[in-house]
1. What tally of residues in region 35-63 results from selecting those that are open to solvent by less than 90 Å² (accessible area, probe 1.4 Å), touching a Gly at 6+ places or on another chain (Cβ under 9 Å) and modelled with pLDDT under 95?
2. Among the residues of region 225-235, which ones are out of contact with any helix residue (DSSP H, G or I) (no Cβ under 6 Å at 6 or more places or on another chain) and either open to solvent by 30 Å² or more (accessible area, probe 1.4 Å) or closer than 17 Å to LEU182 by Cα (or both)?
3. So, in region 256-305, how many residues would count as being open to solvent by 10 Å² or more (accessible area, probe 1.4 Å), of a type in the set (Val, Ile, Thr) and at pLDDT 95 or above?
4. Any idea which of VAL162, VAL170, VAL213, VAL152 is over 30 Å from ALA46 (Cβ atoms) and crowded, with 20+ Cβ neighbours inside 10 Å?
5. Select from region 113-149 the residues that are of a type in the set (Lys, Arg) and not in a helix (DSSP H, G or I) and write down the one among them that is least open to solvent (accessible area, probe 1.4 Å).
6. Which one of ALA263, ALA226 is part of a helix (DSSP H, G or I), farther than 28 Å from ALA131 by Cβ, in contact with a Leu (Cβ under 8 Å, 6 or more places away or on another chain) and not β-branched (Val, Ile, Thr)?
7. Name the residue that is least open to solvent (accessible area, probe 1.4 Å), counting only residues in region 192-208 that are closer than 12 Å to LEU83 by Cβ and aliphatic (A, V, I, L, M).
8. Scan ALA207, ALA226, ALA278 and give me the residue that is farther than 23 Å from ASP171 by Cβ and either under 14 Å from the mean Cα position of the chain (by Cα) or hydrophobic (A, V, I, L, M, F, W, C) (or both).
Amino acid sequence: MTSVPARPAQPAQPAQPAQPAQPALPGTLGTGPDPSVQRATVPVDAPRVLDAFDEQVRRRPAAGVPDVTVEDTGVVVRVLSPLDGWNAVAWSDLRGLSGADVDAEIASQVRRFRRAGLPWEWKHYSHDLPADLPVRLVAAGLTRGPDEALMVARIADLDLEVRPPRGVSVDEVRDAAGAADLVGVHDDVFGGDHGFVGRAVLADLDASPRSVVGVVARSEGRPVAAGRVELHHGTQFASIWGGGTVDGWRGRGVFRAMVAFRARIAADRGFEHLQVDALPSSRPILERLGFHVVATTRPFTHPGT
């Protein structure tokens, strides 16, 4: 979930009807790709990729990000972000513990976030142990969220030249007006208040190196899609989040162009892999673009009270 400004729980690629340096091509107009074309790629080595993702991203979340605290107990890694951010157990290794000890560890996390007064999530992955951890999390009072596919692509396998449909431009967020457009699309597509996303993008504009880059697609000046790419420096991974497209523009190639645009940002900065948590509506599109499912993830949330 960017490493990157921490974030509240939010699906990276939303459920949407019918679909779910660097920008060398900002503002380019084109005809859009043929959605029926499957990009030929070699499957990723899922165990190797998962090992790298766990060690590089999950165990070192939000490295160096101001106002974010990372606590590594050796058994869990916690992220605490009092200002707008993501509060979570990002990684855990409870192998070998008795059932009673697992329950005690979960209770310890509940107490820690309650003391901080923060709502939070336990970010669980299908390869996490013990196998009955999801049942124990629910028994401890956490609420299970929807399953998402953890998908990874080698950036070298992706088509970085996908153009947006005719009449649509795709550009980085570079100022407050652009951030407002990004937030507006997110509020429209996802519901709720996504001002925290705009604030995170604006706060990072003057950072060096950049950790989060907002992207907005527009038609005749009107924002029609928005997302961001988070750059996990010191790792092989960048990740894409958001990807919301407004009614009337879904299924027309904007989503694919937004993925390619953000992939170019990551490629230009030397990242090897692009990661996304995808809901079922977005998974088929991402598979056609060259992403592979390597695990399943889901949030278990707690109000922190």
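1. 5
2. Our first condition is that a residue be out of contact with any helix residue (DSSP H, G or I) (no Cβ under 6 Å at 6 or more places or on another chain); within region 225-235, this holds for 228, 230-231, 233-234.
Passing the criteria: ARG228, GLU230, HIS233, GLY234.
3. 4
4. Details: VAL162 fails: over 30 Å from ALA46 (Cβ atoms); VAL213 fails: over 30 Å from ALA46 (Cβ atoms); VAL152 fails: over 30 Å from ALA46 (Cβ atoms).
Exactly one of VAL162, VAL170, VAL213, VAL152 is over 30 Å from ALA46 (Cβ atoms) and crowded, with 20+ Cβ neighbours inside 10 Å, namely VAL170.
5. Residues of region 113-149 of a type in the set (Lys, Arg): 114-115, 123, 136, 144.
Now drop any that are not not in a helix (DSSP H, G or I), which leaves 123, 144.
Working: LYS123: 10, ARG144: 113 Å².
Of everything passing the filter in region 113-149, LYS123 is least open to solvent (accessible area, probe 1.4 Å).
6. After ruling out the rest, the residue left standing is ALA263.
7. It comes out as ALA200.
8. Numbers: ALA207 fails: farther than 23 Å from ASP171 by Cβ; ALA226 fails: farther than 23 Å from ASP171 by Cβ.
After ruling out the rest, the residue left standing is ALA278.
The values are calculated or read from the model by the stated rules, or taken from the named source; none is laboratory data. None of the values given here were measured: they were computed from a predicted structure. Cβ coordinates were reconstructed from backbone atoms using ideal geometry, including for glycine residues, and neighbour counts include every protein chain displayed. Ligands, DNA and RNA are stripped out before the accessible areas are found, and what is left, the full protein with its side chains, is counted by its heavy atoms. Shrake-Rupley method; radii C 1.70, N 1.55, O 1.52, S 1.80 Å.
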